[in-house]
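Asker: After the C-alpha cells below, expect a handful of questions from me.
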Amino acid sequence: MIRQTKQKDKAKKWLVVGSVILGVALFLFIGQYVFTNWLQQKLEKTVNNNTDGVYQLELFGMETSPFVGTLSVDSLALTPDYDRWKELKSQGKDVSRTLVELRSKAISLNRLSFFKILFQNNVDLDSMLVQNPELLITAMAKDTTGQHQPMHKTVNGLLRNMHIGKIDVNDANLRYRNYNQRNTDMFALKSFNLTVDDFRLDSTSLQDPKRAYYSNNIVLKAKAALYNLPNNLYKLTTDSVLINVDKKLFTVSNIYYRPTVGPTALAKATGDATAHLKVKVPQVTISGLDYDAHSRTNNFIASQVLISKPSLNGYKDKKHFKDSKNQPLPHDLVQSIKPGFMISSMKVTEGYVRYEELAEKASETGHIYFTNLNCTITNLTNMPKQISRKNPAVIKASALMMGKVKTQATVRLPLLDKSGYHTLKGNIQGGRPQVLNPILVPTSFIKIDKGFVQQINFSATLNRQRATGTMKALYTNLEVEILSTGAASGRDQSLGKKILSKAADWFLIEDSNPDSKGDKARIAQIKVKRDRNKSFISYWKDCLASGLLASMGLEKMAEKQFN
C-alpha cells in the first residue's frame, strides 16, 4: 500500500514537471509567435514612418528565435513611392537624392543580439546570408554634393556602429538608372556573389590601415557588367568581373566599348566630326591596387595595369562634318580628374589599331593600321609630388605599321605642366614607303610610286601652341606623285596635272637622302602649329608628316599644311 502511494506521488511529480515544461514551452512558443509578429509589424511600420511614407517594407515568412539569436525571412520587398518623393521634394523637404528598390528571396541573420537592438539601439550579429537579391537604384536628382561624407556619418539609429561578422550575398543583380531615363540602365552588375568579412561601421574601422571599406576583406565575382555613357551614344559591356580587396586585385574580361548608333548618327548627335570607335579588350588586370587608400581618401593607387591583346577600330568622316570642338591634350585629361591617382606601370600587349578617315576633299576613305602594338606607360599620375619635367610620365610604344614597318616612339609627359610641354622621339625602321599609300592618297593626295627607306629618326618638343623638332630620313630612289585634290590615283588626273606632278617629282622632290654616297644626310625641320580642333594623336601625326614633307624637299607644302 505504502509502495503504491509512493509511486502515485512520483507520477504526480513527473506530471507536474511535465506540465510545467509544457507550459513553459507553450509560453515560449506563444511568446515567440507574438514577438515575431510584433517585430515584423514594428519593422514595417518603422520603415514607413521614418521615411515619411517614401518606402514600404514587406516581410514574408518571418521567423525569429530571440534566445538563439536568429532571424530569417522567406522573402523581402522594399518598394519606394516615387510620387511621394516628388511630393516631399515640392514641399521643400530634405529628401534623398536616390531611391532604392529591393526584392530578395531568403535572408537569414545568425547570432543576432536582440538585447543590443532593444536596449542599446545597435545591430550586432555573426553572419548574414542574402539569396537572389534584385537591387534597383534610381537617381532622382543630380548629385551637387562637392564632397561626400563617409558612410558612418550618414547613418543613424540601429545602423550606427553596426557590426556583421560575415556577409554573404548570392546570385545578386544590381541596376542603376536616372529617373528621367528610367527605361535605360546606366549601370548594371549581373549575377554576382559578394562576401564581406568583419564589417564594422564606425570611424575607427574606416581609419584602420589594415582594413578597407570598413571590412577586413571583400570579394566580388560577377558574370557580367554594363555601363551606358551619360549621352547614351556609347555602351561598355564586360563578361566576368573579379574584385579581391585582400589580394589588391581587380580583373575584368571581354570588355566591349562600342557606339549605340552609326557613324553619321554619332556625328550628328555630337555636332562634330566625332571618331566612331569600337574597342575590344579580352583581359584587363589591375594588381597592387590600394583599396585601403581608396576607401579613406578616394585616391586610386595601383602598381600595374595590364591590358592584353586590345583592338581598336576608328572611323572619322571629315567630308560631311567638321572638327569644331577644342580637343584636350593628355595634360588636360589628367588635370580634369579630381581624385588623386597613381599608376606605377601600365602595359599594353599585342594590340591592334586601325583608323579610317574620309578627308574633306577625298573621294574615298583612307586607312592605316598597326599590329603587334606593345606599350608601357610609367608614372601615370596627377599627384604633384610624384610628377614634374624631370620625372614625367613616359610612354614607350612599338608596333608594325601596316603590319610591316617597325615603328618605335617615346613620349615624355609632365602631365601637370600648364603649358602642355612634352617631347616626342622615335624611329621608323627600313621598308618600302608604298605601304603608306592607303592613307596618303585619300587624305594627303600624295602617292609614293617607288623607293626604299633605310631608317627615319625624329625628335620634337611640343606645347599647347606649336611643335618644333628635327627629322633625319634616310631613303633612296623615291618617286612621289602629287595628285589632284579628290583624286584616288594618278589615273584620275588630267594630262596637265600629270605633267605638273612629274615636274614636281623631277625638280622639287629629293629622291634620295643623302643625295649620293659620301654626302652628309639632310636633316629636316619639324614645324607644326597646333590645330586645337584635332586630337593630340593627330598633333603627333602632324609632326611626323611635317618632317617627312620637309625631308623630301617639300618645305613649302609642309609650311602651308601645318602652319
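The values are calculated or read from the model by the stated rules, or taken from the named source; none is laboratory data. No experiment lies behind these values; they were computed from the predicted model shown. Cβ atoms come from the backbone with ideal geometry, glycine included; neighbour counts cover every protein chain shown. All accessible areas refer to the heavy atoms of the entire protein, side chains included, with ligands and DNA or RNA removed. Shrake-Rupley method; radii C 1.70, N 1.55, O 1.52, S 1.80 Å.
Asker: Cross-link candidates for Lys42: which lysines have Cα within less than 17 Å, leaving aside residues fewer than 8 places away along the same chain?
Answerer: Lys116
Asker: Further, regarding this structure: Test of understanding: express the Cα radius of gyration of the chain as a ratio to 2.2 N^0.38 Å, with N the residue count. Don't skip to the answer; put the middle values down first.
Answerer: Numbers: Rg = 34.5 Å, N = 563, 2.2 N^0.38 = 24.4 Å.
Ratio of Rg to 2.2 N^0.38 Å for the chain: 1.41.
Asker: How large is ³J(HN,Hα) for each residue in segment 192-198, as worked out from phi by the Karplus curve 6.51 cos²θ - 1.76 cosθ + 1.60 (θ = phi - 60°), to whole Hz, x for Gly and Pro?
Answerer: Result, ordered by residue: 10, 10, 10, 10, 10, 9, 6 Hz.
Asker: Would you work out which of Phe192, Asn298, Ser512 lies farthest towards the positive end of the dipole of the chain? Charges go on Cβ: Lys and Arg +1, Asp and Glu -1.
Answerer: Ser512
Asker: What is the percent of Cα-Cα separations in segment 393-453 that go past 16 Å? Before the final figure, lay out each step's value.
Answerer: Numbers: 1082 of 1830 pairs.
The proportion of pairs with Cα distances above 16 Å equals 59 percent.
Asker: Let me ask something else. Below 8 Å between Cα atoms, with a sequence gap of 6+, how large is the relative contact order for segment 321-398 in percent?
Answerer: 30 percent
Asker: How much net charge surrounds Gly420 when only other residues with a Cβ under 9 Å from its Cβ are counted (Lys, Arg +1; Asp, Glu -1)?
Answerer: Working: positive: Lys418, Arg464, Arg530; negative: Asp332, Asp417.
Around Gly420, the surrounding residues sum to +1.
Asker: Kindly provide the helix-only [θ] at 222 nm of the chain, computed as the sum of -39,500 (n - 2.57) over DSSP H runs of four or more divided by all residues, to the nearest 500 deg cm²/dmol?
Answerer: Numbers: 12 runs with 139 residues, N = 563.
Per the formula, -7500 deg cm²/dmol.
Asker: Output the pairs from Lys221/Lys247; Lys318/Lys347; Lys316/Lys534; Lys425/Lys541; Lys142/Lys316 with a Cα-Cα distance over 21 Å in this structure; if there are none, say none. Display every interim value, and only then the final one.
Answerer: On the way: Lys221/Lys247 14 Å; Lys318/Lys347 32 Å; Lys316/Lys534 12 Å; Lys425/Lys541 12 Å; Lys142/Lys316 33 Å.
The answer is Lys318/Lys347; Lys142/Lys316.
Asker: What pairs from Lys325/Lys390; Lys45/Lys190; Lys268/Lys556; Lys325/Lys418 go past 25 Å between their alpha carbons? Don't skip to the end; give the middle numbers.
Answerer: Working: Lys325/Lys390 32 Å; Lys45/Lys190 32 Å; Lys268/Lys556 36 Å; Lys325/Lys418 20 Å.
Exceeds cut-off: Lys325/Lys390; Lys45/Lys190; Lys268/Lys556.
Asker: Please list, in order along segment 312-318, the HN-Hα scalar couplings obtained from phi with the Karplus expression 6.51 cos²θ - 1.76 cosθ + 1.60 (θ = phi - 60°), rounded to whole Hz, x for Gly and Pro.
Answerer: 10, 10, x, 9, 9, 9, 9
Asker: Could you check how much of the accessible area of the chain is carbon and sulfur, as a whole percent, using a 1.4 Å probe? Spell out each step's value before the answer.
Answerer: Values: 17550 of 31560 Å².
Of the solvent-accessible surface of the chain, carbon and sulfur hold 56 percent.
Asker: Shape call for segment 267-370 from the C-alpha gyration tensor, a ≥ b ≥ c root eigenvalues: rounded (a/c under 1.5), prolate (a/b greater than b/c) or oblate? Let's see the in-between values first.
Answerer: Details: a/c = 3.49, a/b = 1.78, b/c = 1.96.
The shape class here is oblate.
Asker: Give me the accessible area per residue for the chain, probe 1.4 Å, as a whole number in Å².
Answerer: 56 Å²
Asker: Just check segment 172-280 against the gyration tensor rule for me: Cα atoms, a ≥ b ≥ c as the square roots of the eigenvalues, rounded for a/c under 1.5, and otherwise prolate or oblate depending on whether a/b exceeds b/c. It would help to have the intermediate numbers written out before the result.
Answerer: Values: a/c = 2.61, a/b = 2.26, b/c = 1.15.
Since a/c reaches 1.5 and a/b is larger than b/c, the shape of segment 172-280 is classed as prolate.
Asker: Taking the Cα centre of the chain as origin, work out the dipole magnitude from +1 charges on Lys and Arg Cβ and -1 charges on Asp and Glu Cβ, in debye rounded to 20. It would help to have the intermediate numbers written out before the result.
Answerer: On the way: 78 positive and 49 negative charges, 124 e Å.
Using Cβ point charges on Lys, Arg, Asp and Glu, the chain gives about 600 debye.
Asker: Kindly identify segment 145-209 as rounded, prolate or oblate by the Cα gyration tensor criterion: order the square roots of the eigenvalues as a ≥ b ≥ c, call it rounded if a/c is under 1.5, otherwise compare a/b with b/c, prolate if a/b is larger, else oblate.
Answerer: Working: a/c = 2.53, a/b = 1.40, b/c = 1.81.
Note, shape of segment 145-209 comes out oblate.
Asker: Under 11 Å from the Cβ of Asp246, count the other residues' Cβ atoms, weight Lys and Arg +1, Asp and Glu -1, and hand me the total. Write down the numbers at each step before the final one.
Answerer: Values: positive: Lys210, Arg211, Lys247, Lys248; negative: Asp197, Asp292.
It works out to a net charge of +2.
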